[in-house]
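For reference, the structure I am asking about is given below.
The values are calculated or read from the model by the stated rules, or taken from the named source; none is laboratory data. All of these numbers come straight from a predicted model, not from anything done at the bench. Every residue, glycine among them, receives a Cβ derived from its backbone with ideal geometry; neighbour counts consider all protein chains shown.
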Amino acid sequence: MAAAVFPDNTVMCNFACIGRVDLLAAHLRGRGRWVEAVAAEAEASAGHLPDLRRLVNAGWLGEPIEIIEEPHVRAVERLRIDVFGGTRARPLQHLGEAQSCFLLTNDPTWSDAAWVTDDRDAYEYAKARGIITKRTVDLFREMVAWSDLTADAAFSLLEEIDGIRGLRLPAGPKDLQ
């Protein structure tokens, strides 16, 4: 089990769209963290996903981690544009992914942390960089393995998320065991 878990905004929105940020919080068991850009994205998303407001207000992910040293800010910007396809015209585009990946590959404090994203390209990039990387479905697999949910209950929740937001689902409940 990783020491810290950094869910991206998409993952948090997956839980919020079914009114279950409490399930994410319980699963993180106090290990949740986030970078400043992801915190800002969650704040913005809470306007249309009210359950996300509980996560933002409850402080389950701690204080947002800021990247403020100028060479690091420049490195994050290069990553945001060159790797994740952000543009200068949209300075927040892919900023959360870039900050998270930069932090997890450059700050030894977080070397054993996991990042959770459902963005396919970001997932592949992070895996290639040696970041412990997971998807929403992997969190549900862990919940089943840790006996927090049955496989049937987990699959039902994943189907609910898929119906609202779209998600790559396993074939069935047995694939969550």
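Wholly within segment 69-154, which helices (runs of 4 or more DSSP H) include no fewer than the required count, namely at least 2 residues that are under 15 Å from PHE6 (Cβ atoms) and under 12 Å from the mean Cα position of the chain (by Cα)?
Filter on segment 69-154 gives 95-106, 120-128, 136-145.
Please state which of the following conditions THR87 fails to meet, knowing it meets all the rest: (1) modelled with pLDDT of 95 or more; (2) more than 26 Å from ILE161 (Cβ to Cβ).
(1)
Okay, next question. May I ask you to list the residues in segment 119-128 that are free of Cβ contacts under 8 Å to residues at least 40 places away in the same chain and either in contact with a His (Cβ under 7 Å, 6 or more places away or on another chain) or surrounded by fewer than 20 Cβ atoms within 10 Å (Cβ to Cβ) (or both)?
If the condition is that a residue be free of Cβ contacts under 8 Å to residues at least 40 places away in the same chain and either in contact with a His (Cβ under 7 Å, 6 or more places away or on another chain) or surrounded by fewer than 20 Cβ atoms within 10 Å (Cβ to Cβ) (or both), then ARG120, ASP121, TYR123, GLU124, LYS127, ALA128 are the ones that fit.
Also, I was wondering about something else. For the list (1) in contact with an Asp or Glu (Cβ under 9 Å, 6 or more places away or on another chain); (2) on the phi < 0 side of the Ramachandran plot, I need the number of the one condition that GLY19 fails.
Of everything listed in (1) in contact with an Asp or Glu (Cβ under 9 Å, 6 or more places away or on another chain); (2) on the phi < 0 side of the Ramachandran plot, GLY19 misses just condition (2).
How many residues, within segment 86-118, are touching a residue at least 24 places away in the same chain (Cβ under 8 Å), surrounded by fewer than 18 Cβ atoms within 10 Å (Cβ to Cβ) and farther than 17 Å from ILE68 by Cβ?
Of the residues in that region, 2 qualify.
Take GLY62 and decide whether it is closer than 30 Å to ARG20 by Cβ and in a loop (DSSP other than H, G, I, E, B).
Against the criterion (closer than 30 Å to ARG20 by Cβ and in a loop (DSSP other than H, G, I, E, B)), GLY62 qualifies.
Follow-up question, since we're still on this one. Out of curiosity, is HIS27 on the phi > 0 side of the Ramachandran plot, surrounded by 14 or more Cβ atoms within 10 Å (Cβ to Cβ) and either among the charged types (D, E, K, R) or in contact with a helix residue (DSSP H, G or I) (Cβ under 9 Å, 6 or more places away or on another chain) (or both)?
Considered against the rule, which asks whether it is on the phi > 0 side of the Ramachandran plot, surrounded by 14 or more Cβ atoms within 10 Å (Cβ to Cβ) and either among the charged types (D, E, K, R) or in contact with a helix residue (DSSP H, G or I) (Cβ under 9 Å, 6 or more places away or on another chain) (or both), HIS27 comes out as no.
Continuing with this model, one more query. Of everything in segment 50-77 that's more than 16 Å from GLY96 (Cβ to Cβ) and crowded, with 17+ Cβ neighbours inside 10 Å, which residue is modelled with the lowest pLDDT?
The selected residue is TRP60.
For residues that are closer than 19 Å to ALA98 by Cα and among the basic types (Lys, Arg), scanning just segment 129-145, find the one that is surrounded by the most Cβ atoms within 10 Å (Cβ to Cβ).
Filtering segment 129-145 for residues that are closer than 19 Å to ALA98 by Cα and among the basic types (Lys, Arg), the one surrounded by the most Cβ atoms within 10 Å (Cβ to Cβ) comes out as LYS134.
Return the pair list, or none, for Cβ contacts closer than 6 Å from residues in segment 53-82 that are on the phi > 0 side of the Ramachandran plot to residues that are at pLDDT 95 or above and of a type in the set (Lys, Arg), at least 6 apart or on different chains.
GLY62/ARG33
Could you list, in sequence order, all residues of segment 32-45 that are touching a residue at least 12 places away in the same chain (Cβ under 8 Å) and either surrounded by fewer than 16 Cβ atoms within 10 Å (Cβ to Cβ) or not basic (Lys, Arg) (or both)?
Correct list: GLY32, TRP34, VAL35, GLU36, ALA37, VAL38, ALA39, ALA40, GLU41, ALA42, GLU43, SER45.
Still on this model: Tally time: how many residues in segment 1-52 are within 10 Å of the chain's Cα centre (by Cα) and part of a loop (DSSP other than H, G, I, E, B)?
3
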